[in-house]
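I have placed the structure first, in the form of C-alpha cells, so that the comments after it can refer back to it.
The values are calculated or read from the model by the stated rules, or taken from the named source; none is laboratory data. It should be emphasised that the depicted structure is a prediction, and the values quoted were computed from it without experimental measurement. All Cβ positions, glycine included, derive from the backbone under ideal geometry; neighbour counts span all protein chains shown.
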C-alpha cells in the first residue's frame with residue numbers, strides 16, 4: 001500500500017473525519033443533507049482529496065448499514081443522521097462521492113522524490129493491530145461517554161474490513177466529539193501512530209481530552225531538551241529573529257513549547273520560574289543584563305533589542321502568567337527550592353571553562369569574557385545553580401566553545417541530579433564536540 005504524506009497537504013484534520021469536524025462545528029446552525037453535501041463539496045474544492053477517497057472506501061466495503069451509521073453518528077455527535085435524511089447511509093455516501101469527484105494530485109519529479117523519502121512504511125496488517133489495541137483500551141471510556149451504542153465493535157470493523165488509517169481517524173474524531181478522556185501514556189501512543197502515518201500534528205492533538213497531571217514548575221525532563229530562559233535566549237540569538245516574529249510572538253512560542261507531547265502550560269511554568277527567580281535574587285541589574293547578552297551573543301547589538309535586566313524579565317513573566325491563566329486557570333505559580341547542594345560542581349565547571357571562553361565572548365571591552373564568567377558564577381552562587389548551569393551550557397553553544405568528550409560526560413552527569421532529559425546537554429553541545 002502506497003501511503004500518503006498527509007502533513008504535506010493538510011494542516012489539521014482531513015478526509016471524512018475532517019468533514020465530521022466541520023459538521024460538529026455547525027451544530028448550533030441548520031444541518032440537513034444539502035448543508036452537509038455543500039460542506040463536503042467545499043472541502044473537495046479546497047483540495048481535500050482524501051475526503052472522496054474515504055467515502056469510496058466505505059462505499060466499496062462490505063460493512064452493513066448499522067455499522068456505517070454508528071461510526072458516522074459518533075463522529076458527528078449525532079448532529080446529522082444520514083439514515084433519516086436519505087433512508088440509508090449508502091445512498092448518502094453515494095451523494096457524497098458525487099460531490100467529491102476522484103482527483104489525482106499532480107507532483108513534479110522533485111516533489112515526488114522528496115515525498116517518497118518520508119512516505120509511511122507501516123503495513124496495513126501492523127496498523128490494524130496497533131489501532132485495534134488502542135480502541136480496545138479505550139472501550140470503557142467510549143462506553144461511558146459516547147451516546148452511540150456499539151461504537152467500539154463498529155470501529156474494529158472499519159479498521160479490519162475497510163482501512164486502518166480511516167478507522168483510526170474516525171476513532172479520534174468520535175473521542176473528540178464526546179470528550180473521551182485519555183491518559184497521557186495513551187495520548188503519547190496516539191501521537192506516535194499519527195507520526196507514523198505522517199499526519200499533521202493537529203489531527204491527533206487538537207480537541208483531544210487528556211487527563212494531564214498538575215503543572216509542576218520543577219519539571220526538567222522535557223523531551224525536546226531545551227526549556228526555560230536559555231531556550232528563549234536561543235530564539236533571540238543574533239538578529240534573524242526579527243524576520244520570524246515580534247518579541248511577544250517569540251515569547252509565546254517558547255511558552256507553548258512547540259510540541260504537543262507535554263502538559264499544557266509546562267514550558268510556560270518553567271520559563272516563568274526562571275524569570276521570577278532572577279527577578280527575586282540579589283543580583284544587580286547589570287549582572288542580569290550581562291547574563292542575557294552572553295547567552296544571546298548580543299554584545300554588539302545595534303537595534304532596539306538591547307534588553308536590560310529586570311524590565312525584560314518582568315515582560316517575560318507577565319506574558320507567561322497571561323498564557324498560564326488561559327491554559328490552566330487554577331494554576332498558582334510557584335518558585336521551587338533552588339538546588340544549592342549542586343552549586344559547588346556548577347561553579348567548578350564554570351571556572352574550568354573560563355580560559356576557553358577567553359577571546360570568544362567579545363563585547364564592548366577587553367573584559368567581556370571575564371564579565372560573562374563572573375555573571376554565570378554569581379547566578380550559580382546567588383540565584384540558582386540549575387538555572388546557572390543551563391545558562392552556562394547555552395553560552396558555550398552560543399560561542400561554539402570546544403568541549404572535549406571528558407568534559408561533555410561530566411556535564412551529562414551533572415545534569416542528571418537536576419532531572420534533565422538525556423537530550424538536554426546533547427541539544428546544546430553536540431555541535432561543540434571535536
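Structure notes:
- Within the stretch 190-201, the set of residues being modelled with pLDDT of 95 or more, out of contact with any strand residue (DSSP E or B) (no Cβ under 8 Å at 6 or more places or on another chain) and either more than 15 Å from residue 18 (Cβ to Cβ) or surrounded by fewer than 19 Cβ atoms within 10 Å (Cβ to Cβ) (or both) comprises 191, 192, 193, 195, 196, 198, 200.
- Test for residue 264: is it under 16 Å from the mean Cα position of the chain (by Cα), in the same structural domain as residue 181 (by TED's automatic domain parsing), modelled with pLDDT under 95 and surrounded by 14 or more Cβ atoms within 10 Å (Cβ to Cβ): no
- Any chance residue 173 is touching a residue at least 60 places away in the same chain (Cβ under 8 Å), surrounded by 19 or more Cβ atoms within 10 Å (Cβ to Cβ) and assigned to a loop (DSSP other than H, G, I, E, B): no
- For residue 50, the requirement of being touching a helix residue (DSSP H, G or I) at 6+ places or on another chain (Cβ under 9 Å), assigned to a helix (DSSP H, G or I) and under 18 Å from residue 112 (Cα atoms) is met.
Residue-by-condition table, conditions (1) surrounded by 15 or more Cβ atoms within 10 Å (Cβ to Cβ); (2) assigned to a helix (DSSP H, G or I); (3) touching a residue at least 12 places away in the same chain (Cβ under 8 Å); (4) not assigned by TED's automatic domain parsing to the domain that holds residue 168:
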{"site": "23", "(1), (2), (3), (4)": "yes, yes, yes, no"}
{"site": "37", "(1), (2), (3), (4)": "yes, yes, yes, no"}
{"site": "73", "(1), (2), (3), (4)": "yes, yes, yes, no"}
{"site": "80", "(1), (2), (3), (4)": "yes, no, yes, no"}
{"site": "84", "(1), (2), (3), (4)": "no, yes, no, no"}
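- Among the candidates 134, 125, the residue that is over 20 Å from residue 54 (Cα atoms) and assigned to a helix (DSSP H, G or I) is uniquely 134.
For every residue, the table says whether it meets (1) touching a residue at least 60 places away in the same chain (Cβ under 8 Å); (2) exposed (fewer than 13 other Cβ atoms within 10 Å of the Cβ); (3) in a loop (DSSP other than H, G, I, E, B); (4) touching a helix residue (DSSP H, G or I) at 6+ places or on another chain (Cβ under 8 Å).
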position: 310; (1), (2), (3), (4): no, no, no, yes
position: 326; (1), (2), (3), (4): no, yes, no, no
position: 331; (1), (2), (3), (4): yes, no, yes, yes
position: 346; (1), (2), (3), (4): yes, no, no, yes
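- Condition met for residue 378 (modelled with pLDDT of 95 or more and either in the same structural domain as residue 284 (by TED's automatic domain parsing) or not in a helix (DSSP H, G or I) (or both)): yes
- Given (1) at pLDDT below 95; (2) out of contact with any helix residue (DSSP H, G or I) (no Cβ under 9 Å at 6 or more places or on another chain), index of the condition residue 336 fails: (2)
- In the stretch 381-416, residue surrounded by the fewest Cβ atoms within 10 Å (Cβ to Cβ) [restricted to those that are part of a loop (DSSP other than H, G, I, E, B) and touching a residue at least 60 places away in the same chain (Cβ under 8 Å)]: 399
- Hey, residue 94 under 29 Å from residue 198 (Cα atoms) and not in a helix (DSSP H, G or I) or not: no
- Scan of the stretch 97-122 for residues that are closer than 29 Å to residue 70 by Cβ, in contact (Cβ under 8 Å) with a residue 60 or more places away in the chain and part of a helix (DSSP H, G or I), ordered by number: 99
- Residue, farthest from residue 425 (Cα to Cα), within the stretch 222-240, restricted to residues that are over 15 Å from the mean Cα position of the chain (by Cα) and assigned to a loop (DSSP other than H, G, I, E, B): 239
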